[in-house]
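Below you'll find the structure, written out as structure tokens, and then a few comments.
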Amino acid sequence: MSPTMNHRGVISPRRRFPAPHDAGTLERLRVSGIHTKSIRETAMAFFTDISKIEYEGPQSRNPLAFRHYNADEMVEGRTMRDHLRFSVCYWHTFRGTGADPFGAGTLQRPWDDGTESVENAKNRVRVAFEFIEKLGAPFYCFHDRDVAPEGANLAESYKNLDAVADVLEEEQQRSGIKLLWGTANLFSHPRYLHGAATSCNADVFAYAAAQVKKAMEVTHRLGGENYVFWGGREGYMNLYNTDMKRELDHLAKFMHMAVDHAKTIGFTGQFLFEPKPKEPTKHQYDFDAAACLNFLRQYDLLDHVKLNIETNHATLAGHTMAHELVYSSIQGALGSIDANTGDLLLGWDTDQFPTDIYLTTQCMLAILDQGGLAPGGVNFDAKVRRESFEPVDLFHAHIGGMDAFARGLKIAAAIRADGVLTDFVKTRYRSYDAGIGAKIESGAASFEDLAAYMLEAGDVQPNESGRQEMLENLVNMYL
């Protein structure tokens, strides 16, 4: 098959399917009883063999049904739908080709005619909403370049995005599906080879600002509940050619401009900053939650921006997802999550769908402990494997991820209801509840006080076992 270029300049095989509206396709739709007078109606034909995904319970063996995610089931006083706030990402799900550094794309997407036309982008929106509706997810999210093609200049790019936003708005109103967050792709185009807000070229900084301005306005227009800053190429490959302080100063100025523009347009959604340690640069300025929070504090942004934590990014930074969630949460900065996982045998961002119940349980313990994620949510920043090339595989992948998080939610709620972890932790630190410990925590103790106290006591003997193995066994009981 001769290759074509996809929207990110990656070689992919030429489509083996007819364009969505050629004569043969329209005839098949007519025979199946679907009208062909509008693009909206013809787009609905692509998942006609798949009904709305329903909850059938743990005993079900139907691969196109939920076994654990029951949207209306109450857990800790809220529905699963409200706890989990599932979101489908536009980029992997509707723009991914399955290409990798060693081979062209493999994914069959018969609704896509392979062009970067605005009309193809509009049709893709309608297909996307059919998928999200049948899946039963309440939210979606996008980069600007996912939904609308880049124009020959900035004005044309604005025009393209507005045209596709018209269809996004129409589909949101028709379906009730909402926008969890929007963001701008500031990493794919060659202009961003040195970064965007951290570029050494002021014109690139200005272009990025203009692009984010528009993305924010479209996000606001579509009722987006959050806006994400994702670094992409905001980092460096070599310090010999890098003024790190100047670049960090510029990134902070960029984010403050976004905060100011939000006030100008009346956008009251939550800003999110997404940590990522590497890939594509050697060192990203948003390396992990700690680095992001230090940056936000230093530049007086902490009151305006929370974090969007991704599992695969956490592990690439040498952390667990639980660590990054808890670290963010205890500082009041956990805003949303990108739900995926990585392969620990591979050293890059594989963005696989989450199926590990230990992982989802740990996630939900942290999320429940802070009272939920709203206005954030659980966004599946995940992609099917290039070997899973048929459209139905998109359903299998999302169903599995949603069921895994539903199980994690129920298990976490059961652990919390029994109080087994919180009671143990509280008991373990009981020496700080009275006496010298209470003095330390209240700030009433000095080094002189503590030295005098220990001179009288003489020494300390270990007296608190961590009971790690017991607690791990205990958690296993709930799984």
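Some notes on this structure:
- All Cα pairs of segment 413-479, percent lying beyond 18 Å: 54 percent
- Rounded, prolate or oblate (a/c below 1.5 giving rounded, otherwise prolate when a/b exceeds b/c) for segment 95-136 by Cα gyration tensor: oblate
- Per atom type, the chain shows carbon and sulfur on 54% of its accessible surface, probed at 1.4 Å.
- Applying Stokes-Einstein at 20 °C and 1.002 mPa s to the Kirkwood radius of segment 148-209, computed over alpha-carbon pairs, gives a translational diffusion coefficient of 160 µm² s⁻¹.
- In terms of overall dimensions, segment 203-334 has a Cα radius of gyration and Dmax of 14.7, 44 angstrom.
- Legend: residues ARG246, ARG145, sorted from most to least accessible area (1.4 Å probe; ligands, DNA and RNA excluded), read ARG246, ARG145.
- A helix-only calculation puts the chain at -13500 deg cm²/dmol for mean residue ellipticity at 222 nm, using -39500 (n - 2.57) for each DSSP H run of at least four residues, averaged over all residues.
- Solvent exposure of the chain as accessible area per residue, Å², 1.4 Å probe: 47 Å²
- Ranked from largest, the principal axis spans of the Cα set of the chain equal 92, 59, 44 Å.
- Computed accessible area, ASP72, all protein chains, 1.4 angstrom probe, square angstrom: 100 Å²
- All distinct Cα pairs of segment 345-403 go into the 1/r average, and the inverse of that average, the Kirkwood radius, is 13.1 Å.
The values are calculated or read from the model by the stated rules, or taken from the named source; none is laboratory data. Remember, it's a predicted structure, so these values are computed and weren't measured experimentally. Heavy atoms of the whole protein, side chains included, go into the accessibility calculation; ligands, DNA and RNA do not. Shrake-Rupley method; radii C 1.70, N 1.55, O 1.52, S 1.80 Å.
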